[in-house]
Amino acid sequence: MSQNKTDKHPQQLVQDYLDTLLCDPEAEPVKAAEAPAVAAPAATPVDNPTLVYRPAWLGDEVNTVLVRMHGLRLAVPFNQVEGVQHLKGLSLELDREHDWMLGRYQSRTGPVRIVDTALRLIPERYNPALARYEEALVLPGRHWALACDELLQSLNLKADQISWNGDRAARPWLLGTCSAERCFLIDIPALLLQLDDAFSVSADPRGIL
């Protein structure tokens with residue numbers, strides 16, 4: 001049975017891991033006794049490691065901010081977070097063109113657009129009932145922020161704990177998965193490029209939503 005799992009394409013491992021976590025969206029951080037069941041779908045064959053997909057800028061470990069979003073745990077590199085914005089009571093200008101944007105607010109440096117993170121990252125699994133956004137992580141440049149349900153903790157991920165995403169065409173925002181922490185490591189520079197491209201396609205030439 002283990003042979004069948006290790007023969008899977010890296011993208012299928014990611015898909016299986018998404019399925020596993022989304023089947024239990026309210027799950028608490030994994031306990032030691034539960035670890036084998038969670039780790040199995042995202043396991044990487046020892047004799048065929050996916051470190052070939054490891055980004056050149058990443059050292060032996062990466063310091064991240066761990067957040068909960070739509071029942072998933074996302075690890076965002078700490079140096080890619082410029083701030084945190086509480087959504088409660090925040091006055092947002094609604095967006096009428098992009099369904100994956102919650103709206104925008106004015107900061108000291110200009111408008112910040114808040115992304116409906118689940119709808120943007122996993123649209124095929126989006127469930128409005130699970131979107132309980134309370135915080136937003138402000139990304140480099142302060143033009144974009146990712147909505148999330150809650151901030152969990154800071155987390156150091158070891159490079160050898162991460163199963164790197166070898167098929168960036170399907171999910172370019174996903175660097176890899178860490179089964180030990182039940183989380184997805186986000187490639188913020190790649191995600192920012194996606195957001196800029198998606199926004200520029202239909203943005204008003206005057207810069208008005």
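The values are calculated or read from the model by the stated rules, or taken from the named source; none is laboratory data. Quick caveat: nothing in here was measured; it's all calculated off a predicted structure. Cβ placement follows ideal geometry from the backbone for every residue including glycine, while neighbour counts extend to all protein chains displayed.
Inside the range 112-124, residues that are under 18 Å from Asp149 (Cβ atoms) and surrounded by fewer than 16 Cβ atoms within 10 Å (Cβ to Cβ) make up a count of 1.
Within the range 71-111, restricting attention to residues that are of a type in the set (A, V, I, L, M, F, W, C), touching a Lys or Arg at 6+ places or on another chain (Cβ under 9 Å) and not in a strand (DSSP E or B), the residue that is surrounded by the most Cβ atoms within 10 Å (Cβ to Cβ) is Trp100. Does the range 145-157 include one or more residues that are in contact with a Leu (Cβ under 6 Å, 6 or more places away or on another chain), aliphatic (A, V, I, L, M) and surrounded by fewer than 22 Cβ atoms within 10 Å (Cβ to Cβ)? Yes, because at least one residue in the range 145-157 is in contact with a Leu (Cβ under 6 Å, 6 or more places away or on another chain), aliphatic (A, V, I, L, M) and surrounded by fewer than 22 Cβ atoms within 10 Å (Cβ to Cβ).
Among the residues making up the range 161-171, those that are in contact (Cβ under 8 Å) with a residue 12 or more places away in the chain and either among the β-branched types (Val, Ile, Thr) or exposed (fewer than 15 other Cβ atoms within 10 Å of the Cβ) (or both) are Ile162, Ala170. If you filter the range 149-173 down to residues that are outside any strand (DSSP E or B) and acidic (Asp, Glu), you find that the one that is nearest to the chain's Cα centre (by Cα) is Asp149. If you go through the range 108-115 one residue at a time, do you hit one that is touching a residue at least 40 places away in the same chain (Cβ under 8 Å) and over 21 Å from Asn63 (Cβ atoms)? The answer is yes; a qualifying residue exists.
Residue by residue through the range 128-144, note down the ones that are of a type outside the set (D, E, K, R) and surrounded by 13 or more Cβ atoms within 10 Å (Cβ to Cβ). Lay out the reasoning, then the answer.
Our first condition is that a residue be of a type outside the set (D, E, K, R); within the range 128-144, this holds for 128-131, 133, 136-141, 143-144.
Those that are of a type outside the set (D, E, K, R) and surrounded by 13 or more Cβ atoms within 10 Å (Cβ to Cβ): Leu130, Ala131, Tyr133, Ala136, Leu137, Val138, Leu139, Pro140, His143, Trp144.
Residue-by-condition table, conditions (1) over 19 Å from Gly103 (Cα atoms); (2) of a type in the set (S, T, N, Q):
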{"position": "Ile114", "(1), (2)": "no, no"}
{"position": "His143", "(1), (2)": "no, no"}
{"position": "Cys148", "(1), (2)": "no, no"}
{"position": "Gln153", "(1), (2)": "yes, yes"}
{"position": "Asn156", "(1), (2)": "yes, yes"}
{"position": "Gly166", "(1), (2)": "yes, no"}
{"position": "Glu181", "(1), (2)": "yes, no"}
{"position": "Phe184", "(1), (2)": "yes, no"}
{"position": "Leu192", "(1), (2)": "no, no"}
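Please verify whether the range 130-148 includes one or more residues that are at pLDDT 95 or above, part of a loop (DSSP other than H, G, I, E, B), closer than 30 Å to Gly110 by Cα and touching a Lys or Arg at 6+ places or on another chain (Cβ under 6 Å). No. Among the numbered conditions (1) touching a strand residue (DSSP E or B) at 6+ places or on another chain (Cβ under 8 Å); (2) not in a strand (DSSP E or B), the only one that Ala198 does not meet is (1).
Please go through the range 112-129 and pick out each residue that is in a helix (DSSP H, G or I) and charged (D, E, K, R).
Applying the first criterion (in a helix (DSSP H, G or I)) to the range 112-129 yields 117-121, 123-125, 128-129.
Correct list: Arg120, Glu124, Arg125.
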